[in-house]
Amino acid sequence: MSPLSRQIEQYIQLRRALGYKLEREGQLLPDFATFLEGIGATHITSELALRWATMPASATVWWWAYRLSIVRRFAQYVHAFDARNEIPPRDLLPSTKSRRLTPYVYSEDDVLALMEATNMLPGLKAHTYATLIGLLAATGMRVGEVLALDRTDINWQTGILVVRHAKFGKSRGLPLHSTTVQALLAYNDGRDRCLLRRHSPAFLLSLAGTRLLYKNVHFTFLRLLHQAGLAERHPRRPRIHDLRHTFAINTLLRWHQEGIDVSSHLPALSTYLGHVNPSNTYWYLTATPELLQLAAGRLEQALGERS
């Protein structure tokens, strides 16, 4: 292992100890180290960082900027130990902070199509991925949170699911609908019948009896999108993370339609979703035209009542 690779490993371990997941950084930074080692470079320069960040020629400028921002944060860390490592300037590429993709909102039929598409998978894998998709849609959990679930994190008597590995090390309890509990219990029983030997305490298991890996989940989800006929949706392909967005947006839509005071209930939704910053939850109010239209209608009604 090269000195730079060791520093990347230490950097990732340090930030994860502070509560950051660093799922993408954990994949991209080793790739950056391999790039530098391949050309014989021993230190980070702005030119090399930019060259690596823009290597995927077909990628968007936003993705290039995101890759560069990851290197920049790491460069700040190693620069403190060795000033020969340059910190790339902020303005080499457009900022990633100003762009947040409009989520794809899955319809109920979309979710059912995805779950039915899991029938193409072998044995327990089909049941595992149908349960994964259903749980994401029913709770709005992050993918990483679902993959980190252990069997002991679900209380079958109370119907409470405990998220112990959320962002920044915070835990939270999620009350589940009775139908969700029944679906999870069915998977729990089926999994134990199929896998007599388990090598992990994880709730969702691979065919080998181990915890699911995010990269494998992402690859399989792309296959399911194509099988379900959702891969060519516009303006862009739906993402697995959009199931979380869909849960949040549908919750707000339902509150608006039922005449519930959304502003007073937003903190509860923020807590349920595990948002550290409430502004992340407020963003959903402007995420879809339907919510904007409903909010505008409520505002007009309120102004009309005052006049």
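Looking only at region 159-216, residues that are at positive phi and polar (S, T, N, Q) come to 0 in all. Residues of region 39-59 being among the polar types (S, T, N, Q) and either surrounded by fewer than 16 Cβ atoms within 10 Å (Cβ to Cβ) or at pLDDT below 90 (or both), which ones? Thr42, Thr45, Ser58 - these are the residues of region 39-59 that are among the polar types (S, T, N, Q) and either surrounded by fewer than 16 Cβ atoms within 10 Å (Cβ to Cβ) or at pLDDT below 90 (or both).
Taken together, the residues in region 1-36 that are outside any helix (DSSP H, G or I) and touching a Ser or Thr at 6+ places or on another chain (Cβ under 9 Å) amount to 1. How about region 135-163: which of its residues are closer than 14 Å to Asn188 by Cβ and more than 15 Å from the chain's Cα centre (by Cα)? Asp150, Arg151, Thr152, Asp153, Ile154, Asn155, Trp156, Gln157, Gly159, Leu161 - these are the residues of region 135-163 that are closer than 14 Å to Asn188 by Cβ and more than 15 Å from the chain's Cα centre (by Cα). In this structure, Pro201 qualifies as free of Cβ contacts under 8 Å to residues at least 60 places away in the same chain and touching a Lys or Arg at 6+ places or on another chain (Cβ under 8 Å).
Yes or no: region 74-86 includes at least one residue that is within 30 Å of Ala186 (Cα to Cα) and of a type in the set (D, E, K, R).
Initial filter on region 74-86 (within 30 Å of Ala186 (Cα to Cα)): none.
No, there is no match, as no residue in region 74-86 is within 30 Å of Ala186 (Cα to Cα) and of a type in the set (D, E, K, R).
Arg142 meets all of the listed conditions (1) touching a His at 6+ places or on another chain (Cβ under 8 Å); (2) without any contact (Cβ under 8 Å) to a residue 24 or more places away in the chain but one, namely (2). Of everything in region 14-38 that is more than 28 Å from Val276 (Cβ to Cβ) and either touching a helix residue (DSSP H, G or I) at 6+ places or on another chain (Cβ under 7 Å) or of a type outside the set (S, T, N, Q) (or both), the residue that is surrounded by the most Cβ atoms within 10 Å (Cβ to Cβ) is Ala33. The residue pairs whose first member lies in region 213-224 and is under 11 Å from Gly144 (Cβ atoms), whose second member is surrounded by 11 or more Cβ atoms within 10 Å (Cβ to Cβ) and of a type outside the set (S, T, N, Q), and whose beta carbons are closer than 7 Å, counting only pairs six or more residues apart or on different chains, are Tyr214/Glu23; Tyr214/Val143; Tyr214/Gly144; Tyr214/Leu147; Val217/Val143; Val217/Leu147.
Considering each of Leu29, Leu4, Leu36 in turn, give the residue that is at pLDDT below 90 and hydrophobic (A, V, I, L, M, F, W, C).
Leu4
I'm trying to understand the selection: among the residues of region 232-284, which are β-branched (Val, Ile, Thr) and over 22 Å from Gly173 (Cα atoms)? Full working, then the answer.
Taking region 232-284 as the starting set, the residues that turn out to be β-branched (Val, Ile, Thr) are 240, 246, 249, 251, 260, 262, 271, 276, 281.
Matches in region 232-284: Ile240, Ile260.
The values are calculated or read from the model by the stated rules, or taken from the named source; none is laboratory data. Just so it is clear, the model here is predicted, and its values are computed rather than measured. Neighbour counts run over all protein chains shown; Cβ positions are idealised from the backbone, glycine included.
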